[in-house]
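Chemist: Have a look at this one before I ask anything.
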Amino acid sequence: MAKITQSHEVIDHATGEVKTTSRVICHNHNEEPQYIKLYIRDLQVLCKLTEKQAHALFCLIKRINWENLIYLNPAIRKQIASEMNCSVQQFNNNLLGLKKSNLIKQIANSVFAPDPMLFAKGEWQAIKKLRDDYNSIELNITYTNKGRVLKARKVKR
């Protein structure tokens, strides 16, 4: 738990009198846990995603808002399909594959939520609550001299 203390005094230099004193003490509770960078390529291997699905995932993750939702109205779907050099139907097929892999889930019509254990944006307390409410994938990546060993399993929280 981090503790920050700041003090500030205003002194009358002619008399030496302390005119005002202020003190700020900040405590940081429930700090963000340590993290490592995870590459979409690693997720591609773990979740057996195709190249297009990995590209679709990258395009989606760029669009996470501060509520950790991704809105995909027809205009945005068309824009993503253009970024991926594919049709909207091909993008929708890749989106279905991402849903089946549990990397994202559909919340409502054209509204999706990424797995907050892997992708999140915002204040740590909000992310922590999202994580508590979401079924997730547990990842284990071991790096050795021979390469990476990737293991994944679905976890119900």
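Chemist: Can you name every residue in segment 93-129 that is farther than 11 Å from Leu69 by Cβ, at pLDDT 85 or above and among the small types (Gly, Ala, Ser)?
Modeler: Of everything in segment 93-129, those that are farther than 11 Å from Leu69 by Cβ, at pLDDT 85 or above and among the small types (Gly, Ala, Ser) turn out to be Gly97, Ser101.
Chemist: Scan segment 75-92 and give yes if some residue there is loosely packed, with under 13 Cβ neighbours inside 10 Å and closer than 18 Å to Arg41 by Cα, otherwise no.
Modeler: Looking through segment 75-92, none of the residues is loosely packed, with under 13 Cβ neighbours inside 10 Å and closer than 18 Å to Arg41 by Cα.
Chemist: Tell me the residue from Arg41, Arg63 that is at pLDDT 90 or above, surrounded by 10 or more Cβ atoms within 10 Å (Cβ to Cβ) and within 22 Å of the chain's Cα centre (by Cα), please.
Modeler: On inspection, the qualifying residue turns out to be Arg63.
Chemist: Taking Ala75 as the residue in question, decide whether it is at pLDDT below 80 and either part of a helix (DSSP H, G or I) or more than 18 Å from Glu51 (Cβ to Cβ) (or both). Outline the logic, then answer.
Modeler: Values: at pLDDT below 80: no; either part of a helix (DSSP H, G or I) or more than 18 Å from Glu51 (Cβ to Cβ) (or both): yes.
Against the criterion (at pLDDT below 80 and either part of a helix (DSSP H, G or I) or more than 18 Å from Glu51 (Cβ to Cβ) (or both)), Ala75 does not qualify.
Chemist: Moving to a separate point now. From the list Ala126, Ala152, Ala54, exactly one residue is part of a helix (DSSP H, G or I) and more than 14 Å from the chain's Cα centre (by Cα). Which is it?
Modeler: One residue alone meets the criteria, Ala54.
The values are calculated or read from the model by the stated rules, or taken from the named source; none is laboratory data. These figures come from a predicted structure and were not determined experimentally. When we count neighbours, we look across all protein chains shown, and the Cβ atoms used for this are built from the backbone with ideal geometry, even at glycine.
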